[in-house]
Ligand SMILES: Nc1ncnc2c1ncn2[C@@H]1O[C@H](COP(=O)(O)OP(=O)(O)O)[C@@H](O)[C@H]1O
Ligand SMILES: [Mg+2]
């Protein structure tokens, strides 16, 4: 009995949390046993690492330290929670996962992509992502939706150029992983986006 692992990715404010709420309802209505989790974080230890990563006061944090903290949080989350739930046959839905590191630390911070690949490999502890929903919307539009960046969030407060590189990173991830990444046109209204998500899950055989 092996469950399915779904990740949801995209820039700030593109509608990930909104769609996850709808997805939760959908799984409940259809009697599908699912857990919802997030990165960075997802377990007590990993949430502590999250607070270090995202704290806007941590101006001294260096890019490589940031990368290592994400990897540490991911390994803990994966071992402690994700693998366990999958082995119980559950659907696991994760708000951000390994592709975020490729987009943010790889493309936006311009760290070594090979190193990132290796750290993701270790952090993922041999887990397999069945489906990645990439909510495709440029960062300008995402920030407009959410009414600007959260001042307390170290990553959100990066300049628009940074977030544009994140977006380019996501486009490359989608291009390079066509077997598992589905691009969801997130310029549509909430229901229009959700319809694409249900369609993608059915096509991928995860529901
Ligand atoms: N399809 C949509 N069209 C217009 N506004 C949306 C849409 N989806 C979400 N929003 C709004 O955009 C803002 C950011 O959405 P949110 O789900 O928090 O994004 P994320 O979790 O990706 O940062 C919220 O105010 C939300 O109500
Ligand atoms: Mg969110």
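Derivation of every value follows stated rules applied to the coordinates shown; laboratory data play no part. What you are looking at is a predicted structure, and each value in this text was computed from that prediction instead of being measured. Backbone-built Cβ (ideal geometry, glycine too); neighbour counts: all protein chains shown.
Miscellaneous remarks
- Gyration tensor verdict on segment 114-207 (Cα atoms; rounded if a/c is under 1.5, prolate if a/b is larger than b/c, oblate otherwise): oblate
- Overall shape: prolate for segment 32-170, with the ratio a/c of the largest to smallest alpha carbon gyration tensor axis at 1.5 or above and a/b above b/c.
- Entry note, the chain: the mean residue ellipticity at 222 nm calculated from DSSP H runs of n ≥ 4, each adding -39500 (n - 2.57), is -14500 deg cm²/dmol after division by the residues and rounding to the nearest 500.
- Average Cα contact separation per residue, segment 11-111, under 8 Å, 6 or more apart, as relative contact order %: 36 percent
- Global geometry of segment 44-91, whether rounded, prolate or oblate, following the gyration tensor of its Cα atoms and the 1.5 cut on a/c: prolate
- The chain, relative contact order in percent, only Cα pairs under 8 angstrom and at least six apart counted: 33 percent
- Protection-proxy order for peptides 2-9, 65-72, each taking the mean of Cβ atoms within 10 Å per residue, highest first: 2-9, 65-72
- DSSP bridge orientation in the chain - percent antiparallel, rounded to nearest 5: 5 percent
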